[in-house]
Amino acid sequence: MTLLDLPKSCCSDRAEFISVEAARSRALQGVNPVTGEEVVGLRAARGRVNTSGIAAGHALPPFDQSAMDGYAVRTGDFSDGSIALPVVARQPAGPALGVSIGEQPAAVRIFTGAPIPPGFDAVVMQEHCEQHCGSVTVPRRPEAGQHIRVSGDDVPAGALIVPANTLIDARHVAILAAAGVPSINVRRRVRVAVLSTGDELREPDQQLRPGEIHDSNRAMLLSLLERPAVELVDLGRIPDDPASIAKAFEAAARDFDIVISSGGVSVGEEDHIRTAVFAAGGEIAPLNASIKPGKPISIGRLGTASLVGLPGNPVSALVTFLWFAQPIIVRRMGLRPEAPRATRAVAAFAEQRRPGRDEFVPVVVAGRDREGRLLVERRQRAGSARLSSLIDADGLARIPGELSAVRSGDTLDLYTFDPAFSL
Ligand code: AMP
Ligand code: MG
């Protein structure tokens with residue numbers, strides 16, 4: 001075979017490369033939410049996606065209630081200046097007293113969350129009162145409505161509290177519970193299968209023979225996919241043999257919404273998957289994203305299944321999963337995939353580089369500069385196969401492809417791992 005006879009995929013370096021964002025949109029083309037729904041209780045709702053808007057069963061708060069510990073008063077009892085009022089009742093949070101309080105000037109000892117006695121229209125904080133044997137002195141006339149949470153002030157009865165197609169988190173669970181909604185309709189879970197290709201791969205508990213490595217991508221991908229809206233199946237390791245790969249993909253495409261593989265998509269090998277997918281009436285093509293690490297990622301479809309062929313190198317597999325597989329999963333869950341959120345950070349390192357693809361490099365947040373901006377350092381040598389470079393990293397900094405050098409002080413986008421404030 002001469003160079004000219006090589007299949008096109010061997011020349012992928014010469015293919016049209018597109019931006020990471022454009023590749024992300026391309027990966028999402030034709031990807032639709034799964035259909036089918038089920039009912040889940042609030043304990044199982046987090047991480048699921050509701051299929052229809054959810055209305056409050058009742059107003060929040062359900063009745064006028066005190067926002068403070070103090071004394072309920074009637075502003076009509078006041079003229080200018082302070083007033084001493086007899087404390088005629090005690091109303092803790094819970095059932096209303098159910099006693100009627102006469103017309104004469106009076107105060108009711110009241111606590112946060114307690115129902116406001118009928119006819120009373122303000123609460124004075126206990127810190128602003130003086131109590132002495134059965135009466136309370138209030139220094140001045142409060143505003144009507146002071147320290148009272150009016151029924152429906154948070155949510156009117158019947159109001160929409162969670163719009164359709166929301167990824168339910170702890171906030172939604174809280175408001176649903178508060179509004180007396182014990183269960184919700186959610187989209188069925190997305191069925192995702194993960195497989196590895198590679199004759200060199202062994203399980204983490206297997207002894208390595210010469211030339212072998214432990215399969216890390218599958219464990220990583222399975223842990224990335226462990227989420228409430230995903231029904232996850234491990235399809236194991238598939239040998240580097242076109243027929244086996246074809247069989248695995250065909251079978252998986254029948255049972256799953258998304259099939260994610262790693263390895264076997266670099267030069268030449270890709271065609272095993274592609275031939276199999278084409279033969280089965282599907283399609284798959286390299287994304288040609290201008291991204292480093294992670295160039296040879298392929299996306300396709302077989303029947304109703306989305307196919308994602310990730311590169312074998314572990315750091316590439318991680319970065320391409322986050323950029324291109326993640327939005328497919330999110331869309332299939334019934335959500336609108338959002339672009340990964342970056343914060344602006346300042347390089348505390350300098351390096352020469354060859355312009356080309358946008359590069360995502362592990363960085364450590366080393367502190368802040370005088371303006372309060374995050375300073376990022378490179379501590380480890382990056383590399384698509386260097387898993388250790390990720391371990392002490394706080395995230396990935398994005399070096400724009402066109403740069404021929406990063407200078408100390410350059411601003412870079414920083415994609416941090418595991419936001420500590422997540423719900
Ligand atoms: P490939 O994409 O199959 O050419 O693999 C590229 C590199 O990634 C090779 O060094 C493989 O041994 C390695 N690799 C492939 N699959 C895995 C995996 N599942 N876990 C760890 N390394 C892998
Ligand atoms: Mg391989």
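Of note:
- Going through (1) hydroxyl-bearing (Ser, Thr, Tyr); (2) open to solvent by less than 20 Å² (accessible area, probe 1.4 Å); (3) more than 12 Å from ligand 1 (Cβ to nearest atom) one by one, SER223 falls short only on (2).
- Condition broken by GLY312, with the remaining ones in (1) within 16 Å of ligand 2 (Cβ to nearest atom); (2) farther than 15 Å from ASN217 by Cα satisfied: (2)
- Residues satisfying the stated conditions in region 159-185, i.e. open to solvent by less than 60 Å² (accessible area, probe 1.4 Å) and either charged (D, E, K, R) or modelled with pLDDT under 95 (or both): ASP169
- Helices (runs of 4 or more DSSP H) (entirely within region 266-376) containing at least 3 residues that are open to solvent by 50 Å² or more (accessible area, probe 1.4 Å), in contact (Cβ under 8 Å) with a residue 60 or more places away in the chain and not small (Gly, Ala, Ser): none
Condition check ((1) of a type outside the set (Lys, Arg); (2) over 27 Å from the mean Cα position of the chain (by Cα); (3) within 15 Å of ligand 1 (Cβ to nearest atom)) across all residues:
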position: VAL233; (1), (2), (3): yes, no, no
position: GLU250; (1), (2), (3): yes, yes, no
position: ARG274; (1), (2), (3): no, yes, yes
position: PHE278; (1), (2), (3): yes, yes, no
position: GLY282; (1), (2), (3): yes, yes, no
position: LEU307; (1), (2), (3): yes, no, no
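- Within region 38-62, the set of residues being under 17 Å from LEU160 (Cα atoms), open to solvent by less than 30 Å² (accessible area, probe 1.4 Å) and out of contact with any strand residue (DSSP E or B) (no Cβ under 6 Å at 6 or more places or on another chain) comprises just one member, ALA59.
- Within region 7-36, residues that are outside any loop (DSSP other than H, G, I, E, B) have Cβ atoms under 8 Å from residues that are at pLDDT 95 or above and open to solvent by 40 Å² or more (accessible area, probe 1.4 Å) in these pairs: ILE18/ARG26; LEU28/ARG331, counting only partners at least 6 apart in sequence or on another chain.
- Cβ-Cβ contacts under 9 Å between residues 6 or more apart (or on different chains), taken from a first residue in region 194-212 that is without any contact (Cβ under 8 Å) to a residue 12 or more places away in the chain and open to solvent by 20 Å² or more (accessible area, probe 1.4 Å) to a second residue that is in a strand (DSSP E or B) and more than 9 Å from ligand 1 (Cβ to nearest atom), are listed as LEU208/ARG202; ARG209/ARG202.
- Yes/no for PHE249 being under 23 Å from GLY294 (Cα atoms) and more than 13 Å from ligand 2 (Cβ to nearest atom): yes
- Odd one out for SER100 among (1) over 23 Å from GLY152 (Cα atoms); (2) open to solvent by less than 20 Å² (accessible area, probe 1.4 Å): (2)
- Hits in region 132-147 - residues which are assigned to a strand (DSSP E or B) and touching a residue at least 60 places away in the same chain (Cβ under 8 Å): VAL136, VAL138
- Set side by side, the residues SER389, SER408, SER384 differ, and just one is at negative phi, surrounded by fewer than 17 Cβ atoms within 10 Å (Cβ to Cβ) and not assigned by TED's automatic domain parsing to the domain that holds ALA252, which is SER408.
- Scanning region 183-207 for residues that are touching a helix residue (DSSP H, G or I) at 6+ places or on another chain (Cβ under 6 Å) and away from ligand 1 (no atom under 11 Å from the Cβ) returns VAL190, VAL192, ALA193.
The values are calculated or read from the model by the stated rules, or taken from the named source; none is laboratory data. The structure displayed is predicted, hence computed values, not measured ones. Cβ: placed from backbone, ideal geometry, glycine included. Neighbour counts: every protein chain shown. Surface accessibility is based on the protein's heavy atoms, side chains included, excluding ligands, DNA and RNA. Shrake-Rupley method; radii C 1.70, N 1.55, O 1.52, S 1.80 Å.
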